[in-house]
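One structure below.
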């Protein structure tokens, strides 16, 4: 319900990169949550003339695939022209394509990850088709070999990199005070966060409720010893994270 204080009394830590946290933090605060911010990664876009020329030369490709909102932002900074047909890994990425490029992207209906994307009908018979994978450095490495195995003429372009942020002990301590829940956006970020904590802080964090983007990150958390089963945001968006917290907080 709009305006309802559904998260009153909740202390939640948002670990998204700073540039992407504003809207989510605003929605949480509007519902009564006490929000702390501790970005675990910084996004650095790769904006070089050579990369821009390369991307523009690929407008004739059969399909551009975007793996994140950051991939959309990075590509748009390189090429402001008309783009070909696009596919997005999830709803937030599809929305970014709609907003910045005017493109209605194909996307999975439910499973917002590499496997869900690979299940799209458009990616089943791709022998000989030129497909451009627009992403960030690193990642799970699932899409590229799968598309090549299906016969695509694949071009991968990395348009950004994720740089880990290290926080002072005092900042970590303040962020963890009285904490009820943490929003974590990747398994990589979760491990980076955990590595910065003292043994006592780790023991505290293992009792906190996590909200995560996928079952894969749930498994990371289980292996690390978290006491509560993490909640999964659905869809992977600001609204999805808020609803996951509401579902837990109102029942806890």
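Based on what the data block shows, is residue 107 modelled with pLDDT under 95, buried (at least 18 other Cβ atoms within 10 Å of the Cβ) and outside the structural domain of residue 36 (by TED's automatic domain parsing)?
Spelling it out, residue 107 is indeed modelled with pLDDT under 95, buried (at least 18 other Cβ atoms within 10 Å of the Cβ) and outside the structural domain of residue 36 (by TED's automatic domain parsing).
Taking the stretch 205-217, which residues are at pLDDT below 95 and in a helix (DSSP H, G or I)?
Correct list: 215, 216, 217.
Regarding the stretch 38-46, can at least one residue be identified that is assigned to a helix (DSSP H, G or I), out of contact with any helix residue (DSSP H, G or I) (no Cβ under 6 Å at 6 or more places or on another chain) and touching a residue at least 24 places away in the same chain (Cβ under 8 Å)?
No, there is no match, as no residue in the stretch 38-46 is assigned to a helix (DSSP H, G or I), out of contact with any helix residue (DSSP H, G or I) (no Cβ under 6 Å at 6 or more places or on another chain) and touching a residue at least 24 places away in the same chain (Cβ under 8 Å).
Which members of the stretch 122-139 meet the condition of being farther than 21 Å from residue 186 by Cα and surrounded by fewer than 17 Cβ atoms within 10 Å (Cβ to Cβ)?
122, 124, 125, 127, 128, 130
Test residue 210 against the stated conditions and say whether it is over 24 Å from residue 108 (Cα atoms) and in contact with a helix residue (DSSP H, G or I) (Cβ under 6 Å, 6 or more places away or on another chain).
So residue 210 passes the test.
Looking at the stretch 222-239, which of its residues are assigned to a helix (DSSP H, G or I) and touching a residue at least 24 places away in the same chain (Cβ under 8 Å)?
Listed by number, the residues that qualify are 224, 238, 239.
Run residue 142 past the list (1) surrounded by 15 or more Cβ atoms within 10 Å (Cβ to Cβ); (2) touching a helix residue (DSSP H, G or I) at 6+ places or on another chain (Cβ under 8 Å) and report the number of the one that doesn't hold.
Exception for residue 142: condition (1).
Taking interchain pairs and intrachain pairs at least six residues apart, which have beta carbon atoms under 6 angstrom, with the first residue in the stretch 142-159 and not assigned by TED's automatic domain parsing to the domain that holds residue 66 and the second in a loop (DSSP other than H, G, I, E, B)?
none
Hey, among 4, 50, 8, which residue is at negative phi, without any contact (Cβ under 8 Å) to a residue 12 or more places away in the chain and over 15 Å from the mean Cα position of the chain (by Cα)?
Numbers: 4 fails: without any contact (Cβ under 8 Å) to a residue 12 or more places away in the chain; 8 fails: without any contact (Cβ under 8 Å) to a residue 12 or more places away in the chain.
When all the criteria are applied, what remains is 50.
The values are calculated or read from the model by the stated rules, or taken from the named source; none is laboratory data. Predicted, not measured: the structure shown is a model, and the values here were computed from it. Using ideal geometry, Cβ is built from the backbone for each residue, glycine included, and neighbour counts are taken over all protein chains shown.
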